[in-house]
Structure formats: C-alpha cells, structure tokens
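Some notes on the structure that comes next.
The values are calculated or read from the model by the stated rules, or taken from the named source; none is laboratory data. This is a predicted model, so every value here is computed, not measured. All Cβ positions, glycine included, derive from the backbone under ideal geometry; neighbour counts span all protein chains shown.
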Amino acid sequence: MSITGIGSNAATSALLQQNMQNQLDVLSRQLGTGQKAAVYSDLASQAGLTVGLDAQLSAIEGFDNTNSTVTTTLGIAEGTLTQIGDIQNSVQSAAMQSKAFALNASGQTTLQTNAAGQLDEILGALNTQVGDNYLFSGSALNQKSVETADHILNGNGVLAGLKQVISERNQADLGTGLGRLVIPPVVGSTVSINEDVAGSPFGFKLASVSSTLSGATVTQPAGAPKTATVTVGSNPNNGDSIQFSLTLPDGTSQNISLQATSAATPGASQFAIGATTAITAANLQAALTTAVGNLAQTTLPAASAVAAANNFFSSNPPQRVAGPPFNSATVLQNGTTANTVFWYTGESGATPARQTAIAQVGPTTTISYGLRANEQAFSTLVANVAVLAATSYAPANPNGAASYAALTSRVSSNLSIQQGAQNISDVDADIANAQVTAKNAQTVNQQTKSTLTDFLQKIEGVSTTQIGAQILSLQTNLQASLSTTARLSQLSLVNYLGAA
C-alpha cells in the first residue's frame, strides 16, 4: 500500500484554495457589476447574440440623441412660424381696415411706416439660427437666409433694391400716360383701343368689351397687338352703356364702364350723345381716354408695385425691366448679383424644401424638416409687407389717396388664404407632423430599448441573491480548506505516531 505524503496533500489543497479564490473573485465582480461576464468571450455561445443586441441598443441611443436635437429644432421652427404668422395676420388686418390717408414727412401713412418695422421682424425671424445653423436656408445651413431690410428696400451700393425696381416697373407700366394702351382719334364713327406692343408684359391688357349701346357694333380684342373697336351705327339711347375689361400687371382685373347720356354736361363715367354718330363716337373716345388716364394714375401704380414686388421676391433670379429707357421697354430681364439685391441668400436647389433636412430618428423612421425662406408662403408675405414699406406718395398728388386704397386692398387680399397657394399654416402643419413623428419614434425607441435591455439582462445579468449565496458557500469552504491546510502543516510523522 502506498502512502501519500503530507506535502502532496498540501499542494492539492493549495490548488483547490486557489480555484475557490478565483471563483470568489469572479463572483465578487459579478456582484459588484451585476454582469455575468467582463468580456464577450466569457459568454461562450451567447457572445454573438449579445454583440448584436448591444449594437441595436447603441443604434437606438444614437436615434434618441438625433431625435432630441431634431425635436429642439422643430420646437424653435414652430415658434418662429407662429411669430411670422402673427405678423401676417396683423398686416392683413391693418391693410383691410386702413382708411386714413395721412402722410408723414416721408410721404407714408402709419400703416406703411409700421410695415417697415414688421418687415424687419419677419426677416429677423427668417434668419433664425439653431446653434450655428440657419433654419430657413435649405441645405446651406451655414449661410444666412435673407438680406437686411435696408438692402432689400434701398439697395446696396450699385445693387438695386425694391424701391428702384418698383420705380422702373411703374415707368414701364405707365408708358406715355395711358398704361401702354393706345386710343387713336375716331375714324368715321369707329372708336378703337389697342395695346402698344405685342407680347409686352407691361401696362393694361385688353380682356373684353361688352355693350348695351343700341346700334353699336363691337369687335372683341384680337390681333397682335390686340385691338378692340366700337362702331356707332346709330345714336344710343340715354342710359345705354359699354364696358371695357382690362387686366392689370399684377393679374387683377378692372372694368371701365361708360354710360351714354343726353344731359348737356355729362357726369363722371358718362359720354354725351351727339347730334351725329361721329360726334357721339368722338365723345365716347374722349371719355374712354379720360377713364383710362385716371385708372393709369390710381389703380395702375398699385398693381405695378405689386407686380414688381412679385418679380423681385418670387423669381430666382429676380426680374426687372430691361432698360433704360423704361417707359418704352417691352421685356423683363434677369437681375444679376452685379446689379440687383438678391433677397434670399440660402440654398435654392430643385429638392423640395422639407427634403433639405432629413434625420433618422428610429430604425425605420425618418423626419423631413427643412425650410427655405423663399418658399411661396414666406416670399408672398415678404413681398406684400415690403411693397407697403417701399411705396410713398407726394402730398400734392390728387390721385395719391385712390392709389393708396388700391394698394392696401391688394395687400389685404394677397395676405388672405388663397386657394391652391401655400400659406404659413401649411408649413406649420408640416412641422407639426414632424413633431408628432418624432414623439412617436421616441416612444417606440423607449419600448424597444426596454425590451432589448431585458433580453440582455437575462443573458448578461446575474441574480445578486444567488451570487451572494454562492459567495457565502465559497467563503465557508475556503475557510474550512485553509483551516485543514493549517492543521496539516503542523502535522509530522512523530506527532502522527505519537497520536496513534
């Protein structure tokens, strides 16, 4: 029979103690961290699954961070849109109610001077930044969105601003005084009216003629340039009338109605029935000339200013009259960066505005929230507020009040909600929808994160109760082993035989 030596038993005991100590170290780490393993390789067959789950959790964290940034941006955008919308409502209401025509030293009403300040507010809002990024510059986040109100209205050095563009357009639309219409002397008993140049965008355009003049023959506007005629075949009856429908530069319409009268002194918008058809025709021609001239001094300047503002703000590049001379110009031309202020200074690509800023806020969820200051809703607002701020009237101008009334009426109408046209509320709705999407994505992300965390916890996590019990058991075993080893170390053959 072989007898194992005490030294050999001691060595074996030491190995067991080291093993238990290692186990105790592992259990202590697990108890401290709550994690089963310090490295993926310690998870054996579940290592790959854990790596995948951790990657998904990391991605969700990234989506949440993006969502937080986007939500902040959307909140600022919504607040800015509300501010701009409030200004629009204020200007629209004031223009609709404006009746007084009291001019200050600059030839403007209170509504117009207020409009200058409101324009500055709008432009400031359109230059809103989130961090270092301009909110309304499309994809050009580091570019300022719009020019200053001063440069837009008054120009910048050699660069023409809106006031100059309006002045040039007014000259082009007025022509020699009849709004680019020609009313030649009567030929026989025929009155004619025609546009001056075929295809010209300036001045009045003939739309139609309607008549209740008995014995008169009317030809509708036709030809190039368009011409309409009225031949007085026999004298009309008292009260018969004729109406000329004109289209103005801003696309609005205006009617000139003239009534035949047998009174010795015709009133406004009337013409005298003469002793012969030739005299009646001459009276009609004179009344028509006066009516067109009056319209050219009242409504036409307002329509011309609005048209100029539309060309300046809604076109890229801005459009202006090809001249000088301007009163005989026949075409519009592109403004250039060398001669015209470009009011919008952000990015102007073909990509829809919302698509210029896209963020992924969930595994399958993206948000489009880009904005451009030159979108129709904003350019229309800026154009109409700016046209109020840019126009002025000479105190001695007898037609100033009527022209001002025509302008405010147009501004009020243009700033009301137009069928088929983008407005501020449409943009606001897009931003609100993006906010809802972001909030929903955040909820889904939180639910997904909770599910993944629970799953990982089952793989990587440990039960502190179970670990505590294991540690207690190991400590007990380790203490017993150490005690046995200590006694063995004191045992010798003499002590053993003596004890026996």
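Summary table
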{"read-out": "Residues satisfying the stated conditions in the stretch 110-146, i.e. among the β-branched types (Val, Ile, Thr) and assigned to a helix (DSSP H, G or I)", "value": "110, 113, 122"}
{"read-out": "The stretch 176-216: number of residues that are of a type in the set (Gly, Ala, Ser) and under 28 Å from residue 305 (Cα atoms)", "value": "8"}
{"read-out": "Failed criterion for residue 214 (all others in (1) assigned to a strand (DSSP E or B); (2) more than 30 Å from residue 324 (Cβ to Cβ); (3) over 40 Å from the mean Cα position of the chain (by Cα) hold)", "value": "(1)"}
{"read-out": "Top-ranked residue in the stretch 398-449 [being among the β-branched types (Val, Ile, Thr) and buried (at least 18 other Cβ atoms within 10 Å of the Cβ); ranked as nearest to residue 362 (Cα to Cα)]", "value": "437"}
{"read-out": "Qualifying residue in the stretch 377-396 (condition: among the aromatic types (Phe, Trp, Tyr) and assigned to a helix (DSSP H, G or I))", "value": "yes"}
{"read-out": "Enumeration of residues in the stretch 228-262 that are free of Cβ contacts under 8 Å to residues at least 60 places away in the same chain and of a type in the set (Val, Ile, Thr)", "value": "229, 230, 231, 232, 242, 247, 256, 261"}
{"read-out": "Test: residue in the stretch 169-177 that is in contact with a strand residue (DSSP E or B) (Cβ under 6 Å, 6 or more places away or on another chain) and at pLDDT 95 or above", "value": "yes"}
{"read-out": "Single unsatisfied condition, residue 336 versus (1) without any contact (Cβ under 8 Å) to a residue 24 or more places away in the chain; (2) assigned by TED's automatic domain parsing to the domain that holds residue 75", "value": "(2)"}
{"read-out": "The stretch 182-201 residues that are surrounded by 18 or more Cβ atoms within 10 Å (Cβ to Cβ), paired with ones that are among the aromatic types (Phe, Trp, Tyr) and modelled with pLDDT of 95 or more (beta carbon under 8 Å, 6 or more apart)", "value": "193/244; 195/204"}
{"read-out": "Condition check for residue 278: touching a residue at least 60 places away in the same chain (Cβ under 8 Å), in a helix (DSSP H, G or I) and surrounded by fewer than 16 Cβ atoms within 10 Å (Cβ to Cβ)", "value": "yes"}
{"read-out": "For residue 173: the one exception among (1) more than 43 Å from the chain's Cα centre (by Cα); (2) assigned to a helix (DSSP H, G or I)", "value": "(1)"}
{"read-out": "Verdict on residue 287 being buried (at least 19 other Cβ atoms within 10 Å of the Cβ) and within 30 Å of residue 430 (Cα to Cα)", "value": "no"}
